[in-house]
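The structure under discussion appears below in the form of structure tokens.
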Amino acid sequence: MRNFTIALDAMGGDFGPHISLPASYQSLQLHTNLFIIIVGDKQQINPLLQKYHLLDHARVKLVHAPETISMEDDPVSVLRHRVPSSMLIALQLVADGEADACVSAGNTGALMLLSKHVLKTLEGISRPALVSALPNNRGGHSYLMDLGANLQCGCDTLFNFALMGSVLCEKVEQVSSPSVSLLNVGRESNKGSNEIKHCATLLNETNYINYIGFIEANELFDSPADVVVTDGFSGNIALKSYEGMGRVFIAQLKKAMDATWYSRLLGKLLNPLIKNQLKHLHPDLYNGASLIGLRGIVVKSHGSANIAAFSCAIEQAIKEIQWQIPTSISERLASVLAERDCLLNE
């Protein structure tokens, strides 16, 4: 693979450069063709470069950004004023062709609006979608979208989400003809909103998406779907429910193991087996939600991510660079539109 560059919003997230810089060092060690542009306040970052082994690194460049967007900042106000923040400058580097992707752990709403403003959406795509991988009962993972970027979605938007998710899964996961489902209140074809039912009709009519029907929320982690499509309101609730249930499960498991001397002994014996069995469920492995549908690559890390989790977000960006996801989506969309034109002219 050719050399590639990631613009890093080093100031974003709960811990800023104390997480993004060591994660960058780990990624640079793994990928000898990776270059990173660290964007942030040089007064804060300069003293940390030596600590995190990045001082005078041949593949690291620092770009000063005098402002930082906080998690509390109103996204609309951020877009209106467009101060020279680390997030905005990192996105502009992608727009100018100086970087191949942007990774940020900053304010999700601000990242969404600024990305759409700076990078623009692909032709034929009205709204970018926030998508991430979630573990499933098959030992792998499925892509869920949208995760909150678009609270209300019409039929065409959901169709575009299905197409974009299918391309992302096919390229990044190397899955041939990934299966796609719509999240609904039932499996029956007569259930759901008019938008959902109309979208299902469109998906059934195209040869470029392997649509397998509706699924319900209780099947999210136990279904054959590689991609699950829904509006941002439902998707965000589903994601947060999974995260909350995971915390409850771990807490109850620890409580059960600490209940008696016998359970503590049994816990010590079973702990390696349990860790190995559940390691694919660890949320750090799934950090890195992609904003797809843009003319550039943007990956959003969780604001509270640790070093390992932030490194996973960088890895997601690298995969999308490798497979040129925006270009692949554009090509697939052109094929779908051509297919529709043929059907209309018959």
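The values are calculated or read from the model by the stated rules, or taken from the named source; none is laboratory data. The model shown is predicted, which means the values in this text are computed figures rather than measured ones. Neighbour counts are summed over all protein chains in view; Cβ atoms, including those assigned to glycine, are modelled from backbone coordinates with ideal geometry. With ligands, DNA and RNA removed, areas are computed over all heavy atoms of the protein, side chains included. Shrake-Rupley method; radii C 1.70, N 1.55, O 1.52, S 1.80 Å.
Filtering region 11-61 down to residues that are modelled with pLDDT under 95 and of a type in the set (D, E), which residue is farthest from D100 (Cα to Cα)? It comes out as D14. Residues of region 294-341 that are assigned to a helix (DSSP H, G or I) and β-branched (V, I, T): I307, I314, I318, I321, I325, T327, I329, V336.
Across region 78-119, the number of residues qualifying as farther than 19 Å from G303 by Cβ, without any contact (Cβ under 8 Å) to a residue 40 or more places away in the chain and of a type in the set (G, A, S) comes to 1. Among the residues of region 205-248, those that are part of a helix (DSSP H, G or I) and hydrophobic (A, V, I, L, M, F, W, C) comprise A217, F233, I237, A238, L239, M245, V248. Within region 145-161, if we keep just the residues that are crowded, with 24+ Cβ neighbours inside 10 Å and in contact with a Phe, Trp or Tyr (Cβ under 9 Å, 6 or more places away or on another chain), the residue that is nearest to V227 (Cα to Cα) turns out to be M145. A317 satisfies every condition listed in (1) closer than 17 Å to L30 by Cβ; (2) small (G, A, S); (3) open to solvent by 10 Å² or more (accessible area, probe 1.4 Å) except (3). When you go through Q26, Q50 one by one, which is the residue that is over 16 Å from I307 (Cβ atoms) and open to solvent by 70 Å² or more (accessible area, probe 1.4 Å)? It is Q50.
Every residue, every condition in (1) open to solvent by 50 Å² or more (accessible area, probe 1.4 Å); (2) modelled with pLDDT of 95 or more; (3) assigned to a helix (DSSP H, G or I), yes or no:
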position: V76; (1), (2), (3): yes, no, yes
position: L88; (1), (2), (3): no, yes, yes
position: L91; (1), (2), (3): no, yes, yes
position: G97; (1), (2), (3): yes, yes, no
position: V103; (1), (2), (3): no, yes, no
position: G109; (1), (2), (3): no, no, yes
position: L114; (1), (2), (3): no, yes, yes
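Filtering region 197-219 to residues that are open to solvent by less than 20 Å² (accessible area, probe 1.4 Å) and either touching a helix residue (DSSP H, G or I) at 6+ places or on another chain (Cβ under 8 Å) or closer than 19 Å to L147 by Cβ (or both) leaves C199, L203, T206, I209, G213, F214, I215. Cβ separations smaller than 8 Å between residues 6+ apart or across chains give the following pairs from region 226-254 residues that are closer than 24 Å to L163 by Cα and open to solvent by less than 40 Å² (accessible area, probe 1.4 Å) to residues that are among the aromatic types (F, W, Y) and part of a helix (DSSP H, G or I): V229/F161.
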